[in-house]
Structures are given as structure tokens and as C-alpha cells.
Amino acid sequence: MSKTVLFISGSPRASSRSRAVTNVVYRLLRDQRGHAQLIDLHLHELPIFNGDPAQSELPSVQQLRQLAAEAGGFFIVTPEYHSGISGALKNALDFLNAEHFNNKPVAIAAASGGGKNGINALNNLRLVLRGVSADVLPGQFAADPNQIDDNGIFTDEDGVKSLNYLVHDLIEAL
Ligand SMILES: Cc1cc2nc3c(=O)[nH]c(=O)nc-3n(C[C@H](O)[C@H](O)[C@H](O)COP(=O)(O)O)c2cc1C
């Protein structure tokens with residue numbers, strides 16, 4: 001019986017390259033195990049976290065927390081925004097805590113505009129996930145704009161192979 005992996009696509013943008021990466025990884029994982037859930041932060045609107053207990057009553061917050069609690073592991077894709085993760089992703093993670101992540105494997109990937117290839121966002125995401133006691137896998141993936149076509153499809157075959165290794169490692173760690 002396989003555990004569910006919760007995918008979080010960390011971009012608030014509609015035509016997001018993070019979503020393109022999420023889509024291909026989601027398919028790779030479902031091909032192998034079939035148990036996946038998805039939170040796309042473009043579609044899943046959350047308020048700015050302010051600690052008010054009333055926020056816990058919001059359906060979007062409850063759904064995020066429930067899916068995270070039920071997940072056996074996570075695959076988180078972040079865009080690189082100003083050398084870090086997106087505000088949308090950091091805000092979503094602020095609604096969660098170690099109870100959602102403790103002893104669960106997390107695979108991470110980034111989509112960047114090029115340059116340093118998302119490494120700052122990946123390092124930033126590792127730091128934030130350390131704060132919620134997640135077991136972040138040592139492997140990671142950074143997508144370049146030239147791996148994604150104008151229709152938002154991840155087309156790079158070598159990249160798909162690398163992502164498949166990461167998916168394999170995540171499944172092994174579940
Ligand atoms: C506010 C903002 C800041 C950005 N900062 C960076 C950056 O520091 N480094 C970089 O390589 N790309 C940067 N980009 C480009 C994004 O990484 C690029 O759009 C990529 O496709 C991932 O974002 P997306 O998932 O929203 O498409 C930035 C984009 C935005 C909108």
C-alpha cells in the first residue's frame with residue numbers, strides 16, 4: 001500500500017514554469033505509484049498568514065493542512081524569485097509546521113529564469129524546510145527556461161530522466 005505524495009507547485013503565476021515541472025513529476029510519480037495530491041498555489045488561494053485562529057476555519061487552509069497531514073511525503077517545486085522561494089510558497093509553509101513534516105521525505109525542485117539555475121531558491125527552500133523538521137532528500141532538480149516550451153510543456157528528455165531518479169528516491173524513502 002503506497003503512501004500519498006503531496007505536490008506543492010509554489011508559483012502564484014498562471015503560466016508558471018514551476019507548474020510545468022510539477023506536471024511532469026506528478027505524471028512520473030503517478031505512473032509508478034498512483035497516489036498523489038496537488039496544491040497549485042496559483043489556484044489555491046490562501047490569505048497572508050497572521051496567526052488569527054479564524055484563519056483555521058477557512059476551507060483553503062483546512063484543505064492544505066489536511067492534505068499535508070495525510071501525506072506520507074512531499075514534492076515541492078519553487079520558482080526562484082529574487083534569489084529565494086516565492087512569497088506564496090513561504091506563506092503556504094507558514095500555515096504548516098513540524099507536525100505535518102516530521103519524519104516525512106521531501107523532494108525539491110526549482111524553476112528559474114536562468115542565471116544561477118535556481119540554486120539560491122533550492123538552498124532557501126532547504127533552510128525553510130529545516131524549520132519544519134522535514135527530511136529533505138539530498139538530490140534536487142533545477143529547471144532552466146529552455147527545458148520548457150511556449151505551451152508550458154517540459155520537453156527536455158535528460159531533465160525527465162533526472163526527475164525520474166528524484167521520484168524514485170522519494171518513493172524509496174516513503
Ligand atoms: C518577482 C520575480 C522575481 C524573480 N527573480 C528571479 C531570480 O532572482 N533569479 C532567477 O533566475 N529568476 C528570477 N525570476 C524568474 C523566475 O524564476 C521565472 O519566471 C521562472 O519561470 C519561475 O517562476 P514561475 O514558476 O512563476 O514561472 C523572477 C521572477 C519574478 C516574477
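Figures for the structure shown
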{"read-out": "Test: residue in segment 54-62 that is within 14 Å of the ligand (Cβ to nearest atom), in a loop (DSSP other than H, G, I, E, B), in contact with a Pro (Cβ under 8 Å, 6 or more places away or on another chain) and open to solvent by 40 Å² or more (accessible area, probe 1.4 Å)", "value": "no"}
{"read-out": "Those residues of segment 110-156 which are part of a loop (DSSP other than H, G, I, E, B), surrounded by fewer than 15 Cβ atoms within 10 Å (Cβ to Cβ) and aliphatic (A, V, I, L, M), in sequence order", "value": "Ile153"}
{"read-out": "Conditions (1) on the phi < 0 side of the Ramachandran plot; (2) within 11 Å of the ligand (Cβ to nearest atom): number failed by Ala69", "value": "(2)"}
{"read-out": "Within segment 68-88, considering residues that are in a helix (DSSP H, G or I) and more than 15 Å from Glu45 (Cα to Cα), the one most open to solvent (accessible area, probe 1.4 Å)", "value": "Glu70"}
{"read-out": "Yes/no for Lys161 being surrounded by fewer than 20 Cβ atoms within 10 Å (Cβ to Cβ), of a type outside the set (S, T, N, Q), more than 16 Å from the ligand (Cβ to nearest atom) and more than 14 Å from the chain's Cα centre (by Cα)", "value": "yes"}
{"read-out": "Odd one out for Arg30, checked against (1) surrounded by 13 or more Cβ atoms within 10 Å (Cβ to Cβ); (2) within 16 Å of the ligand (Cβ to nearest atom)", "value": "(2)"}
{"read-out": "Answer residue from segment 89-107, given it is surrounded by 21 or more Cβ atoms within 10 Å (Cβ to Cβ) and within 15 Å of the ligand (Cβ to nearest atom) and is nearest to Ala121 (Cα to Cα) among those", "value": "Leu89"}
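The values are calculated or read from the model by the stated rules, or taken from the named source; none is laboratory data. Owing to the predicted nature of the structure, the values given are computational and were not obtained by experimental measurement. Here Cβ is always computed from backbone atoms with ideal geometry, including for glycine, and neighbour counts include all displayed protein chains. Only protein heavy atoms, including side chains, enter the accessible area calculation; ligands, DNA and RNA are left aside. Shrake-Rupley method; radii C 1.70, N 1.55, O 1.52, S 1.80 Å.
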